[in-house]
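**Student:** Structure in structure tokens, see below.
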């Protein structure tokens, strides 16, 4: 519906809107002939809707036979959706194509409505092809309405685009006087001028201010003077004085926008955008300093954005590993993206969990005996001076000789050294081989390699497991060299001497023998537990003897013998080192008393 | 006249108020200073004698913020008007991107106006600057004084503004014309941005 209140005779024309009014008048006189489509844009509250309404009223008056349709874009969208929902899309199209003058308000809301855009493009094409007039308003020029199909922008810009500026002081006074006439209100001289001076440069707000004054005057039932008006308006704008600066500022902005080459402005805005986010924009700055516009400005911008995105993902990964890495300068310079990648790769490998030694196998619980004396001394030296004395240390000895305990003890001791973070890797030969196979399978050999190469102490228990694996040997060889070069300590445990490991490559063997090869043997002295067990056994015997004798005396009457309390437990607690192998000892003999009697016999 | 530095993405405009002594150059600056929000302006430097005559120069830096991606700054200077401060005037005018000539509208000051304008043109000639190309704006100040004391803007235009540069009637004490003049000067200066000279490579000032 066209609002009849909006007419040309109550629209105050000033310098800021003269062009728009002339264009609208011309269109009203000869719709569809000049300026088709006519596109009017301005900030809110400057009279776009009023002009549209005035145009509609005038066209109806001059050309009563023409169908004039006024709709806001929202109405248009609603109608379109309604038509589609009720299956009357065709009727919708026919209706709009029968219109003589289409007045469409607030088309900036086209943003992000692709269906509406395509429907509107069809309607506009149809209307214009048949010489019908289209007038649209928006709060910004067509080219600045975001997310609008290029074809529609071209269509909207195809006729005349006019803007309405903020009214100047004189126009504001004229508007206020006009409004007063309409409202039948009157003010003492100077009041309206004061309002025009103080009030914001927007007609709607101007009217709001006037309404307040009219209301106030009605309440007081007395004319409001200039001073009162000023007080009432609150002088919020500091006598309206900053406005003078603001308007100067906006003029300067327009002048700068006109005179700075478009690509430089765009580039500059991009640079500011990135630098505000903390990124260095060297590449863009270089393009900016160039005399000519770069041939591929868009591509340059896209490349830069992609690099920044890459840096962000690298930063996120680094922060995941260690939150302290977030915001490092290396992630803010697209020129150093390679360094950032290397940094993250290094972090990833260094953060990969290294196999840890068994904490129970501590150096304190290691017992020094004649069989492992040299090895323990060497271990102490290594703990004192890792990587400096015996590198590598190779501990040779049979299974059960305490190799594992020794090398784990070294690893544990180095781990806790002086509170310094020492990266210790302690693994078995089998696990080492398995890890490499898994890495080969997953294509993460690089990472696996970097993980071990980053350690300060490398302990491999069970070198023989590696000896017959070609690839693992190669890897171990390179790892060996890398670690020794870095001064990291290596410790190996093996059942046989390197020379006896036939499948071990010569180069590896010579390197192992270049350190210290120490032997450990199985301890033969009886430990305390074993003695205790023997005593317990003796106790069983001594307790059994009189019973057995009694049994014999009673002519071997079957008799049940219970072992003395606690004996069984004591025997079970005996270390296996006495028997060498747990399989070789039976702790709970079935029908023990019977057997014992058999023995005694 | 490089007003734009592409590598630093900044636009710096030096605008100098010249004119005969007591014509109201410092008053212009003071009016602007009072109207600019404090976050947009620097400290106004004023080197004046005890009788408030400008001794060396006044300086008012304005930060206009980022415009079209360029950090934009205006530096407003005044020169001492008296004839005998010629050397100081030369110094302050050095590197000016635009000049606002503040003429005193009082009838009896006409000769001083002419003398001062001649001095400006002499300076431009010394610098080898083509006065037709140089951004210049005229301000006819004190137009609020009684009619019989002042020269009309039409006559002032005829006498002083033979190059037909933008001219404004002003009352610098109360404000009318002050920002209009500055705006016109700013637009002329910024108009130089797109000329080949100004588009030179991010020359440091």
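Bear in mind these aren't lab numbers, they're just calculated from the coordinates by the rules spelled out. Note that the structure is predicted; figures quoted are calculated from it, not measured. Ideal geometry is used to build each Cβ from the backbone, glycine not excepted, and the neighbour counts take in all protein chains shown.
**Student:** Percent antiparallel among DSSP beta bridges with both residues in chain B, to the nearest 5?
**Tutor:** On the way: 16 of 37 bridges.
Restricted to chain B, the bridges split so that about 45 percent are antiparallel.
**Student:** If you wrap a convex hull around the C-alpha atoms of chain B and split its volume per residue, what is the figure in Å³?
**Tutor:** Values: hull volume 24.2 nm³, N = 205.
Taking the convex hull of the Cα positions in chain B, it is 118 Å³ per residue.
**Student:** Go ahead and run the numbers for FRET between residue A:369 and residue A:600, Cβ-Cβ distance against an R0 of 41 Å, rounding to 0.05.
**Tutor:** Result of the calculation: an efficiency of 0.65.
**Student:** Right, another one. Counting pairs of alpha carbon atoms under 8 Å apart in space and at least six apart in sequence, what relative contact order in percent does chain B give?
**Tutor:** Numbers: 386 pairs, mean separation 56.2, N = 205.
Once divided by the residue count of chain B, the mean separation gives 27 percent.
**Student:** What whole-number distance in Å separates the alpha-carbon centres of segment A:413-468 and segment B:144-162?
**Tutor:** 94
**Student:** Treating the angle as unsigned and between 0 and 90°, give the value, to the nearest 10°, between the Cα long axis of helix A:337-351 and the longest Cα principal axis of chain A.
**Tutor:** Approximately 40 degrees, to the nearest 10.
**Student:** Round to the nearest 10 and give me the degree value, 0 to 90, for the angle of helix B:110-126's Cα axis relative to the longest principal axis of chain B.
**Tutor:** 30
**Student:** Now a separate question. Contact order normalised by length for chain A, with contacts defined as Cα pairs under 8 Å and 6 or more residues apart; what percent is it? Kindly include the intermediate steps, with their values, before the conclusion.
**Tutor:** Numbers: 794 pairs, mean separation 56.6, N = 601.
Reported as a whole number, the value is 9 percent.
**Student:** Along Cα→Cβ, 7 Å out, is where each label goes; now give me the distance between the ones at residue A:250 and residue A:10 in nm to one decimal.
**Tutor:** 2.6
**Student:** Write down Rg/Rh for the protein assembly as shown, rounded to two decimals, with Rg from the C-alpha atoms and Rh from the Kirkwood relation over Cα pairs.
**Tutor:** Values: Rg = 47.6 Å, Rh = 36.9 Å.
The Rg/Rh ratio comes out at 1.29.
**Student:** If you don't mind, there's one more thing I want to ask. How would you classify segment A:127-234 from its alpha-carbon gyration tensor, with a ≥ b ≥ c the square roots of the eigenvalues: rounded for a/c under 1.5, else prolate if a/b is greater than b/c, otherwise oblate? Write down the numbers at each step before the final one.
**Tutor:** Details: a/c = 3.70, a/b = 2.87, b/c = 1.29.
Here segment A:127-234 falls in the prolate category.
**Student:** Where in segment A:3-35 does the amide nitrogen come within less than 19 Å of the point 7 Å from the Cα of residue A:257, taken along Cα to Cβ?
**Tutor:** From segment A:3-35, the list is A:16-20.
**Student:** Right, here's the next one. Fewest Cβ neighbours within 10 Å first, please rank A:362, B:167, A:313 accordingly. Each step should come with its number before you reach the end.
**Tutor:** On the way: A:362 15, B:167 21, A:313 11.
Fewest-to-most ranking of A:362, B:167, A:313: A:313, A:362, B:167.
**Student:** Right, another one. Contour minus end-to-end for residue A:442 and residue A:399, with contour as 0.36 nm per residue of separation and end-to-end as the Cα-Cα distance? Show your work: numbers first, answer last.
**Tutor:** Numbers: separation 43, 0.36 × 43 = 15.48 nm, distance 3.38 nm.
Contour length minus the Cα-Cα distance gives 12.1 nm.
**Student:** Given the rule -39500 (n - 2.57) for each run of at least 4 DSSP H residues, summed and divided by the residues of the protein assembly as shown, what is its mean residue ellipticity at 222 nm, to the nearest 500 deg cm²/dmol?
**Tutor:** Taken over the protein assembly as shown, the calculation gives -15000 deg cm²/dmol.
**Student:** Could I ask something else about it? When A:180, B:13 are ordered from fewest to most other Cβ atoms inside 10 Å of their Cβ, what list results?
**Tutor:** Details: A:180 17, B:13 26.
Listed from fewest to most nearby Cβ atoms, that is A:180, B:13.
**Student:** Quick check: the distance between the Cα centres of segment A:305-352 and segment B:85-142, to the nearest angstrom?
**Tutor:** Comparing the Cα centres of segment A:305-352 and segment B:85-142, I get a distance of 58 Å.
**Student:** Shifting gears a bit: Run through the DSSP bridge list for the protein assembly as shown and note the antiparallel percent, rounded to the nearest 5.
**Tutor:** Values: 16 of 73 bridges.
If we restrict to bridges inside the protein assembly as shown, about 20 percent are antiparallel.
**Student:** Across the residues of A:243-250, average count of Cβ atoms on other protein chains within 10 Å?
**Tutor:** Numbers: counts 2, 10, 11, 2, 2, 12, 10, 1.
Mean shielding by partner chains, rounded to a whole number: 6.
**Student:** Now for a separate question. How high is the FRET efficiency from residue A:503 to residue A:362, r the C-beta distance, R0 30 Å, rounded to 0.05?
**Tutor:** E(calc), rounded to 0.05, equals 0.35.
**Student:** Taking neighbour counts of Cβ atoms within 10 Å as a proxy for exposure, in what order, fewest first, do A:268, A:22 appear?
**Tutor:** Details: A:268 23, A:22 12.
With the fewest neighbours first, A:268, A:22 line up as A:22, A:268.
**Student:** Quick one: Cα convex hull volume of segment A:81-193, Å³ per residue?
**Tutor:** Values: hull volume 18.3 nm³, N = 113.
Normalising the Cα hull of segment A:81-193 by residue number yields 162 Å³.
**Student:** Any idea what diffusion coefficient segment A:438-554 gets from Stokes-Einstein, in µm²/s, Kirkwood Rh on alpha carbon pairs, 4 °C, 1.567 mPa s? Numbers along the way, then the final one.
**Tutor:** Numbers: Rh = 18.5 Å.
Rounded, D is 70 µm²/s.
**Student:** How far, in degrees from 0 to 90, does helix B:178-191 lean away from the longest principal axis of the Cα atoms of chain B, to the nearest 10?
**Tutor:** Roughly 40 degrees between the two axes.
**Student:** In addition: Using only the Cα atoms of segment A:327-455, construct the convex hull and provide its projected area averaged over every direction, in square nanometres to one decimal. Don't skip to the answer; put the middle values down first.
**Tutor:** Numbers: hull surface 42.2 nm².
Convex hull of Cα atoms, orientation-averaged projection: 10.5 nm².
**Student:** Here's something else I'd like to know. Pairs of alpha-carbon atoms within less than 8 angstrom and 6+ residues apart define the contacts here; what relative contact order does segment A:178-336 have, in percent?
**Tutor:** Details: 96 pairs, mean separation 26.1, N = 159.
Computed over segment A:178-336, the figure is 16 percent.
**Student:** For segment A:248-329, report the convex hull volume of the alpha-carbon atoms normalised per residue, in Å³, without decimals.
**Tutor:** Details: hull volume 8.5 nm³, N = 82.
Dividing the Cα hull volume of segment A:248-329 by its residue count gives 104 Å³.
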